[in-house]
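Okay, structure first, notes after.
The values are calculated or read from the model by the stated rules, or taken from the named source; none is laboratory data. Computed from a predicted model, the values in this text were never measured in an experiment. Every residue, glycine among them, receives a Cβ derived from its backbone with ideal geometry; neighbour counts consider all protein chains shown.
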Amino acid sequence: MKTVLLLWLVLGLAACGGPGRFAGGAGGGRPMASGPISDACLASDRKARSVALCGCIQSVANDTLNGFEQRRAVAFYRDLQSAQDIRQSQRSGDQRFWEAYTAYAERADRVCK
């Protein structure tokens, strides 16, 4: 149940708005990056998505997920059931991915709030 909450949390972060490029103004605040997760975040139907928030989530993904894992996580924006299927899978590759994704989700929550 905790992992489902983490998934909702990361997707919920994409729904939250945020201040400009850096949360704390010039010289501080959230990191920014572009990539597949940022693109999926911005293309999502979350009402309050923002370039700043999606860029922050991508920056954390760059630090915690490899390119394959990022592309795999993009599917969660389109199909939440795919996340549930991977979370419940008994395949070792799915389990390793879910552990990496969970670490990413926890870090994104801390960094991008």
_Matching residues, the stretch 103-113, being within 17 Å of Arg46 (Cβ to Cβ) and not basic (Lys, Arg)_ = Ala105, Ala108, Asp109, Cys112
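Every residue, every condition in (1) under 16 Å from Ile37 (Cβ atoms); (2) in contact (Cβ under 8 Å) with a residue 60 or more places away in the chain; (3) of a type in the set (Lys, Arg), yes or no:
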position: Ile57; (1), (2), (3): yes, no, no
position: Val60; (1), (2), (3): yes, no, no
position: Asp63; (1), (2), (3): yes, no, no
position: Leu80; (1), (2), (3): yes, yes, no
position: Asp85; (1), (2), (3): no, no, no
position: Gln90; (1), (2), (3): no, no, no
position: Asp94; (1), (2), (3): no, no, no
position: Phe97; (1), (2), (3): yes, no, no
position: Lys113; (1), (2), (3): no, yes, yes
*Is one or more of the residues making up the stretch 48-67 touching a helix residue (DSSP H, G or I) at 6+ places or on another chain (Cβ under 7 Å), more than 13 Å from Ala108 (Cα to Cα), not polar (S, T, N, Q) and not in a helix (DSSP H, G or I)?*
yes
*Going by the conditions given, is Ala100 under 20 Å from Ser44 (Cα atoms) and either among the aliphatic types (A, V, I, L, M) or surrounded by 21 or more Cβ atoms within 10 Å (Cβ to Cβ) (or both)?*
no
*asked:* So Gly93 ticks every box in (1) modelled with pLDDT of 95 or more; (2) exposed (fewer than 14 other Cβ atoms within 10 Å of the Cβ); (3) within 13 Å of the chain's Cα centre (by Cα) but one. Which box is left unticked?
replied: (3)
_What's the total number of residues in the stretch 52-90 that are more than 17 Å from Cys41 (Cβ to Cβ) and surrounded by fewer than 20 Cβ atoms within 10 Å (Cβ to Cβ)?_
9
